[in-house]
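Student: This is the structure, below, for whatever I ask next.
The values are calculated or read from the model by the stated rules, or taken from the named source; none is laboratory data. Predicted model, so just to flag it, every value in this text is computed and none were measured. Note that each Cβ is placed from the backbone with ideal geometry, even for glycine, and that neighbours are counted across all protein chains shown. Surface areas here come from the heavy atoms of the whole protein model, side chains and all, with no ligands, DNA or RNA. Shrake-Rupley method; radii C 1.70, N 1.55, O 1.52, S 1.80 Å.
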Amino acid sequence: TTPDSISKNRKIQSDIFHTFKTLYLTIPLMLEKQFPAPHWKRFYVSTGFIGGIRLHSKTKVVYTSEKGNKRKLKENGSYGMVPFKVDYTLRIGYRGVCIWGNYSLTNMFNKNRAPELRPFAVGFGITV
C-alpha cells in the first residue's frame with residue numbers, strides 16, 4: 001500500500017503526515033585553516049568532502065481513517081536511491097560558534113527512477 005493509494009481508496013477525514021528518512025555511515029575528508037589567536041578567540045575555516053554509504057531508508061505515513069482511528073503505515077526500502085553519496089562541505093567558526101553547509105555532488109536517486117535531486121543542508125553549531 002502506498003500513500004497515494006491510501007488517499008484514493010479511503011475517505012480520510014484529516015490531513016496526511018508523510019516522512020522520508022535515510023541513515024548514512026559517513027566518512028569526512030577535510031582540510032582546516034586555523035588563524036592565530038588565543039584558544040577562546042580562534043577563527044577557523046574548513047572544507048572538504050564527506051563520503052557516505054546508505055544503511056537504511058524508510059517512509060512513514062500517519063493518517064486518520066474514516067472511523068476516526070489514527071493509523072500509521074511504515075515501509076522500508078531503497079526507493080531507487082543510489083547506495084553511495086559524496087557531499088562537499090564548508091564550515092566556518094569563531095570561538096564556540098560555527099555555521100556549516102553541505103551540498104551533494106551525487107544525484108540522490110538512480111537515473112530514470114526519479115528527477116535529478118541533489119540535497120543540501122545548512123546548520124548552526126555551538127561548542128561549550
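Student: Out of the residues in the range 96-118 meeting the condition of being within 17 Å of Arg54 (Cα to Cα) and assigned to a strand (DSSP E or B), tell me which one is least open to solvent (accessible area, probe 1.4 Å).
Tutor: Ser104
Student: Suppose we filter Ile92, Ile53, Ile126, Ile99 for residues that are out of contact with any Gly (no Cβ under 8 Å at 6 or more places or on another chain) and within 30 Å of Pro36 (Cα to Cα); which single one remains?
Tutor: Exactly one residue qualifies, and that residue is Ile92.
Student: Let me ask something else. Taking strands (runs of 3 or more DSSP E) that do not extend beyond the range 12-95, which have at least 1 residues that are open to solvent by 70 Å² or more (accessible area, probe 1.4 Å), at pLDDT 85 or above and among the polar types (S, T, N, Q)?
Tutor: Correct list: 17-35, 70-76.
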